[in-house]
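What follows is a set of notes on a single structure, which appears directly below.
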Amino acid sequence: MDLLPHRFFDSVLWYLDTQEVVNAKYLRRSVANVATHHLKQRRDLQLRICPHFNKNLCGIVLWYVEQDEDGDDYAVSLNDALSKYDRIARVDLIHSQMEKYEYFSFEDALTKVLPNLLSLSTDDFFWAFGARKPNCGSFYDDFFKLLGSHNFKRMHVQNYGDECAEFLRVQMQSPRLEGLTLKDDSWPDDFNSYYRRFMESPKCSSFVLNSMKTRLDLDLLFPFLRRWATGSVKTAKILGAFDFELGELVSFIEKLGSPLESKEEDASRRTFRIAGGPKLNVSFGGRGRSTKLNV
């Protein structure tokens, strides 16, 4: 039984998680037992990828989190070999110093090392944040192409170019995506329709958009505000340049539900709440200027 492909047991565990099958009554006992054994033996690792623009080398390290005696987390580089049970729960594309990187040429990293490591990914979390480095454009493009077959559960991403944007277009339509944070000065104009599609997804529980140059209108914000009004989103923040006045926003919110509580903090800040639900904080910079909505 243990010789079956490990992806099979990953699928079994995914089924147990998503269907909330506590006693595995729909599975043969031998399959359920082996899947449970895999889970107990598994280490959830983190993969950190750091391209160096001045050396054309890519640093790669696997690490995991442990706790000290005070209960504080700290990172530990993986020194021993990967076991067949290990999975990569988080993938980071980042520019930072960390001990024990192993360095590979861009070509070897993209064609030999990363495909094998990413095959162990559970696609739980993807982080790509940090200054876009010069001379790394082709690496970024090829890396996001490599990620094309993965559907992540949560992501925190800045704009790394055209292939990154195409990758995000696909991800925002994925039924698996639950949380998305996008931070950059600008994103492609067609992203507004993808934002809306993601916010309308029943899976969406967290959406953060921080983009000073993104122009947003009330039509785009409708699913965001509807999710807030029904209390069906855990975290939601939008920062952009809005094409409406504060009075238009208030009138729009009044139509979403009642009773509506409204508190004016000052001339540019207001707090809204519908029927005792979560607060909506609005910092309004004026039409075409920076404005923030925060749940």
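The values are calculated or read from the model by the stated rules, or taken from the named source; none is laboratory data. Only a predicted model underlies this, so the values are computations on that prediction, with no experimental measurement involved. Cβ: placed from backbone, ideal geometry, glycine included. Neighbour counts: every protein chain shown.
Data for the structure
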{"read-out": "Within region 203-219, tally of residues that are more than 16 Å from the chain's Cα centre (by Cα) and either outside the structural domain of Asn294 (by TED's automatic domain parsing) or not in a strand (DSSP E or B) (or both)", "value": "3"}
{"read-out": "Qualifying residue in region 226-242 (condition: part of a helix (DSSP H, G or I), farther than 27 Å from Phe144 by Cβ and free of Cβ contacts under 8 Å to residues at least 12 places away in the same chain)", "value": "no"}
{"read-out": "Filter pass, Ser251 being without any contact (Cβ under 8 Å) to a residue 40 or more places away in the chain, exposed (fewer than 15 other Cβ atoms within 10 Å of the Cβ), of a type in the set (Ser, Thr, Tyr) and closer than 19 Å to Ser283 by Cα", "value": "yes"}
{"read-out": "Verdict on Glu200 being charged (D, E, K, R) and closer than 24 Å to Glu107 by Cβ", "value": "no"}
{"read-out": "Elements of type helices (runs of 4 or more DSSP H) contained in region 103-186, each with 1 or more residues being among the basic types (Lys, Arg) and at pLDDT 90 or above", "value": "137-146, 162-171"}
{"read-out": "Residue check for Ser206: among the hydroxyl-bearing types (Ser, Thr, Tyr), touching a strand residue (DSSP E or B) at 6+ places or on another chain (Cβ under 8 Å) and farther than 22 Å from Trp127 by Cα", "value": "no"}
{"read-out": "Failed item in (1) surrounded by fewer than 13 Cβ atoms within 10 Å (Cβ to Cβ); (2) farther than 28 Å from Lys133 by Cβ; (3) modelled with pLDDT of 70 or more, with Asp68 passing the rest", "value": "(3)"}
{"read-out": "When residues of region 128-144 are limited to those that are of a type outside the set (A, V, I, L, M) and crowded, with 19+ Cβ neighbours inside 10 Å, the one nearest to Leu168 (Cα to Cα)", "value": "Phe144"}
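To keep it simple, each residue is scored yes or no on (1) on the phi > 0 side of the Ramachandran plot; (2) within 24 Å of the chain's Cα centre (by Cα); (3) surrounded by 15 or more Cβ atoms within 10 Å (Cβ to Cβ).
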site: Pro188; (1), (2), (3): no, yes, no
site: Asn192; (1), (2), (3): no, yes, yes
site: Leu221; (1), (2), (3): no, yes, yes
site: Ala229; (1), (2), (3): no, yes, yes
site: Glu265; (1), (2), (3): no, no, no
site: Arg270; (1), (2), (3): no, no, yes
